[in-house]
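K.L.:
One structure follows; several queries about it will come next.
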Amino acid sequence: MSNIFYFETPSEAFGHGVGSYTGNLLGAVERLDAPCNLYFVRLSFGKKTGFSSRKINHKRTDIDIVLNEAGIKKGQSEVGLKPMMARAIICLLSGFFDEKIKTVFHLNTVLQLPLADLANEYDFKVVYTNHVSLWRVFYSNDINAFKKDWKSTGPKEKKNIFFQSIIFEKKLCQQANHIISLSSDSSRFMQKYYELSDQNQVHLIPNGLISEVYNRNLNKEIIKSSLGFNENDFIFLYVGRLSEQKGVDILIKSFSKKLKSMPNARLLIVGKGNMEHYLSISASVCGRVSFTGYADKENIKRYYAIADAGLIPSMTEQSSFTALEMLSSGVPLIVSDIPAFAKPFEDKLNVIKVKTDSFGRVDEKNLSVQMLGLYQNQQLRAKLSENGQLLFNMHFTAKQMAEKTLQLYLS
């Protein structure tokens, strides 16, 4: 028997992929017949401290802890725990600890490092999921720039907040009994640079999605009409943050190159970001590009139902939930040829891969060619749709993710 404490800390990441990871993992673990108690600990900050717990079912208890917000700037989205905060959290949770039962802390961000320090002090086990490849984000995939700073011990590098985050991640990995990596690329990086005491600490467990056919019982024609599309419009769909890192600039430019050859093609962009910037980029083709802004899960299901092709032109990913949602929905998928989409993703078998440079930037011309090719080839779209669903079922279900993670909890 194990008591699993899964921690959620206020951060931008929990509003994106980490939040999806949490919902799918905890939901799938609950369904397994496993000898463990699951405690979902949500941390937040406010003027008044607080503590509450609610038993969800015989396996799961949700705990909310409100910490004092003193010293936190208004609007600050990334809040790292301080050692005294971590010790207060341990005290508040003490009533749920049992000396006769193994205690496991599942951490998800470097912001939670002080909890790992205390877990080691109390002889608790630590499982850490590495959701973001920090060096890729902070150094824009420039490995030489990263290695230059990594080898340096100068004060400039020590003071750099981005570099410090990578140092904290290294410490967290060294504190963890088990590290969950979402991609082979990240596994190799941590094993090479983080001086782990045991290379077998790192376990490759890709993200998984609770099986759900997103377009089940949804009428494509009715949805298209309600959204202002024509029945014969060909919908290219992007879902995600609007940022350069996600390749949205290149996507819009690539789409605009082939419009004469795709007279009924429309680009539907779903997500938040610098809307003014992307509206200006698409001004010359504004009649063919639509922006929805933020969309909830129910509306995203509707967009998947009408999509003829999905697009993920990112510079860097770990294990994209958008990709999994599209695969499970049978949406033919075009992705950037980056490490996150290495095997089992196979070009022209279950996805279309677009050429990238050494920094992960998608080749604008090649993306437009691949978009046109998929637009013109209904047989290829049908093949990708069928094989994409097979790929999802073989490798990316939440049940598979939960079973592998549970093995780490109980080991």
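K.L.:
Would you mind checking which residues have amide H under 5 Å from residue 34's amide H? H placed 1.01 Å from N; only 5 or more apart, or other chain.
P.N.:
Distant-sequence amide H within range of residue 34: zero hits.
K.L.:
In a GNM of the chain with a 10 Å cut-off on Cα contacts, which of 228, 19, 310 has the highest mean-square fluctuation?
P.N.:
Looking only at 228, 19, 310, the largest GNM fluctuation is found for 228.
K.L.:
Along the charge dipole of the chain, pointing to its positive end and built from +1/-1 on Cβ of Lys, Arg, Asp and Glu, which listed residue (90, 375, 66) has its Cα farthest out?
P.N.:
375
K.L.:
If the limit is 22 Å between Cα atoms, which of 258/355; 147/343; 59/404; 100/125; 260/383 go over it? Before the final figure, lay out each step's value.
P.N.:
Numbers: 258/355 17 Å; 147/343 26 Å; 59/404 18 Å; 100/125 14 Å; 260/383 26 Å.
As for pairs spanning more than 22 Å Cα to Cα, those are 147/343; 260/383.
K.L.:
Got a sec to turn the phi values of the range 322-329 into Karplus ³J(HN,Hα) couplings, 6.51 cos²θ - 1.76 cosθ + 1.60 with θ = phi - 60°, whole Hz, x for Gly and Pro?
P.N.:
Listing the rounded values in order: 4, 4, 5, 4, 5, 4, 5, 8 Hz.
K.L.:
Here's another thing I want to ask about it. If you line up the long axis of helix 83-93 against the longest principal axis of the chain, both from Cα atoms, how many degrees apart are they, to the nearest 10?
P.N.:
Taking Cα atoms only, the helix is inclined about 80 degrees.
K.L.:
I'd like the orientation of helix 248-257 relative to the chain: the angle between its Cα long axis and the longest Cα principal axis, in ° from 0 to 90, rounded to 10.
P.N.:
10
K.L.:
Considering amide H positions built from the backbone, and no H for Pro or chain starts, which residues 5 or more places from residue 354, or on another chain, come under 5 Å of its amide H?
P.N.:
Here 335, 336, 337 satisfy the definition.
K.L.:
Return the Cα extents of the range 25-142 along principal axes one, two and three, sorted largest first, each rounded to a whole Å.
P.N.:
Each principal axis gives a Cα extent; for the range 25-142 these are 44, 37, 28 Å.
K.L.:
Compute, for the chain, the length of the dipole vector about the Cα centre, with Cβ point charges of +1 (Lys, Arg) and -1 (Asp, Glu) only. Units Debye, rounded to 20. Display every interim value, and only then the final one.
P.N.:
Numbers: 51 positive and 40 negative charges, 101 e Å.
The dipole magnitude comes to about 480 debye.
K.L.:
Residue by residue, what Karplus-based ³J(HN,Hα) values in Hz, rounded to whole numbers, does the range 333-346 have, using 6.51, -1.76 and 1.60 with θ = phi - 60° and x for Gly and Pro?
P.N.:
Once rounded to whole Hz, the list reads 10, 10, 10, 6, 7, 10, x, 4, 10, 6, 3, x, 6, 10.
K.L.:
Where does helix 378-395 land angle-wise versus the long Cα axis of the chain, in degrees 0 to 90, nearest 10?
P.N.:
For 378-395 against the chain, the angle is about 10 degrees.
K.L.:
Tell me which trypsin sites (Lys or Arg not before Pro) from the range 27-58 have a DSSP coil assignment and no more than 15 other beta carbons within 10 Å of their own. Each step should come with its number before you reach the end.
P.N.:
Values: sites: 31, 42, 47, 48, 54, 55; in loops: 47, 48.
In loop regions of the range 27-58 (DSSP not H, G, I, E or B), the sparsely surrounded trypsin sites (Lys or Arg not before Pro) are 47, 48.
K.L.:
GluC sites (Glu not before Pro) within the range 46-128: which are DSSP loop residues with at most 16 other Cβ atoms inside 10 Å? Display every interim value, and only then the final one.
P.N.:
Details: sites: 69, 78, 99, 121; in loops: 69, 78, 99.
Counting only loop positions with at most 16 other Cβ atoms within 10 Å, the GluC sites (Glu not before Pro) in the range 46-128 are 69, 78, 99.
K.L.:
Something else now. Summing -39500 (n - 2.57) over the DSSP H runs of n ≥ 4 in the chain and dividing by its residue number, what mean residue ellipticity at 222 nm do you reach, to the nearest 500 deg cm²/dmol? Don't skip to the answer; put the middle values down first.
P.N.:
On the way: 16 runs with 166 residues, N = 411.
When only DSSP H runs of four or more count, the value is -12000 deg cm²/dmol.
K.L.:
Considering only DSSP beta bridges with both partners in the chain, what is the antiparallel share in %, to the nearest 5? It would help to have the intermediate numbers written out before the result.
P.N.:
Details: 7 of 60 bridges.
Once the DSSP bridges in the chain are tallied, antiparallel ones form about 10 percent.
K.L.:
GluC sites (Glu not before Pro), restricted to the range 161-233: which are DSSP loop and have at most 16 other Cβ atoms within 10 Å? Walk me through the numbers on the way to the answer.
P.N.:
Details: sites: 169, 195, 212, 221, 231; in loops: 195, 212, 231.
Hits after loop and neighbour filter: 195, 212, 231.
K.L.:
Neighbour counts of other C-beta atoms within 10 Å: give me 85, 371, 1 arranged from fewest to most.
P.N.:
1, 85, 371
K.L.:
Give me the Kirkwood hydrodynamic radius of the chain in Å, from all C-alpha pairs, to one decimal place? Present the calculation step by step, with values, prior to reporting the outcome.
P.N.:
Working: mean 1/r = 0.0439 Å⁻¹.
Answer for the chain: a Kirkwood hydrodynamic radius of 22.8 Å.
K.L.:
Continuing with this model, one more query. For the range 81-216, what D do you get in µm² per second when you plug the Kirkwood radius from alpha-carbon pairs into Stokes-Einstein at 20 °C and 1.002 mPa s? Kindly include the intermediate steps, with their values, before the conclusion.
P.N.:
On the way: Rh = 16.6 Å.
Diffusion coefficient, whole number: 129 µm²/s.
K.L.:
Rank 285, 326, 300 by how far each Cα sits towards the positive end of the charge dipole of the range 281-335 (+1 on Lys, Arg Cβ; -1 on Asp, Glu Cβ) and give me just the farthest.
P.N.:
Highest projection toward the positive end goes to 285.
K.L.:
Let me ask another. Taking the Cα atoms of the range 293-399, what is the range of coordinates along each of the three principal axes, in descending order and whole Å?
P.N.:
Principal-axis extents of the Cα atoms in the range 293-399, largest first: 35, 32, 30 Å.
K.L.:
Another question, if that's okay. List the residues, sorted by chain then number, that are 5 or more residues from residue 203 or on another chain and whose placed amide H is less than 5 Å from its amide H.
P.N.:
The list, which skips near neighbours in sequence, is 179, 180, 181.
K.L.:
Can you tell me which of 387-397, 257-267, 234-244, 124-134 comes out highest on packing, and rank the rest after it, using the mean Cβ neighbours within 10 Å?
P.N.:
Details: 387-397: 17.7, 257-267: 15.7, 234-244: 20.5, 124-134: 22.2.
Put in order of decreasing packing, that is 124-134, 234-244, 387-397, 257-267.
K.L.:
Given Cα positions, please report Rg to Rh for the range 220-395, the hydrodynamic radius being the Kirkwood one. Walk me through the numbers before you get to the answer.
P.N.:
On the way: Rg = 14.8 Å, Rh = 16.0 Å.
Result for the range 220-395 is an Rg/Rh of 0.92.
Every number in this text was worked out from the coordinates using simple rules, so none of it is lab data. As the structure is a computational prediction, the values presented were derived from the model and not from experiment. All Cβ positions, even for glycine, are placed from backbone atoms using ideal geometry, and neighbour counts span all protein chains on display.
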